[in-house]
Amino acid sequence: MPFDFKPLDIKDVVHIKPKVFDDQRGTFSEVFKASEFEERGVTGPIVQVNHSRSHKNVLRGLHYQLNPKAQGKMVGVVLGEIYDVGVDLRKESSTYGNWVGAKLTSENKGMLYFPEGFAHGFCVLSNVAEVVYYCTGSEYSPENEHGIMWNDPSLKIEWPIQNPILSEKDSQLSRWDVAENNF
């Protein structure tokens, strides 16, 4: 099996580490294999792939799309290092309102999978980071796009940076207690 799947503290969130084959030419690893991912509860199909490039201390998120256009995300880093976070928005979940995070780097090639019903965000720890998101569920839908402020005190997310660089849109996201949520 070319992947190691490690469930995290919130049900259905999985840390995925591919087996990396290294020789004098460089490295090779599989990024996605439908049969193995489905066997571990990481379901598709993948409907959209996004790529972002960000500078140190940029924070993107916490973003999600409402039903019926919800998205799951598998997030990996192709250059640099990030701290990746997901917040459980599933009202029937025993971990509703909890968050989980992990450091992802281009060196360790790890990925995080967040199913539909999670707000997602990350901050950049290296000088530059390039991140790829494999989205399941639905394609991007601006009318269903929502978010929660990155530093909402009720969530108590332990971000590893202070004073992040935010987009105008992200600086105006809702508090957790008033954010629209139909999960």
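Data table
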| read-out | value |
| --- | --- |
| Part-to-part distance (alpha-carbon centres) for region 30-49 and region 59-131, which is given in Å | 16 Å |
| Full-stretch length increase - Lys6, Thr27 - with 0.36 nm per residue and alpha-carbon distance subtracted | 5.3 nm |
| Reference-scaled alpha-carbon Rg (2.2 N^0.38 Å with N residues) for the chain | 1.00 |
| Mean Cα-pair separation over length for region 127-183, i.e. relative contact order, pairs under 8 Å, 6 or more apart, % | 43 percent |
| The chain, relative contact order [Cα under 8 Å, separation at least 6], % | 29 percent |
| Charge tally in the Cβ shell below 15 Å around Asn181, where Lys, Arg are +1 and Asp, Glu are -1, Asn181 excluded | -3 |
| Neighbourhood net charge (12 Å Cβ-Cβ; Lys/Arg +1, Asp/Glu -1) for Glu130 | 0 |
| Rounded FRET efficiency, nearest 0.05, which uses the C-beta distance separating Glu168 from Val78 and R0 of 25 Å | 0.40 |
| Value of [θ]222 nm, deg cm²/dmol, for the chain, DSSP H segments ≥ 4, -39500 (n - 2.57) each, nearest 500 | -500 deg cm²/dmol |
| The chain - charge dipole about Cα centre, Lys and Arg +1 at Cβ, Asp and Glu -1, debye rounded to 20 | 220 debye |
| Set Lys33/Lys109; Lys6/Lys109; Lys109/Lys169; Lys33/Lys103; Lys6/Lys73; Lys69/Lys109 screened for pairs whose C-alpha atoms are more than 19 Å apart | Lys109/Lys169; Lys33/Lys103; Lys69/Lys109 |
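Laboratory data are not the source of any read-out in this text; all were calculated from the coordinates shown. Because the structure is predicted, anything quoted here is derived from the model rather than measured. For neighbour counting, all protein chains shown are included, and Cβ atoms are generated from backbone atoms with ideal geometry for every residue, glycine included.
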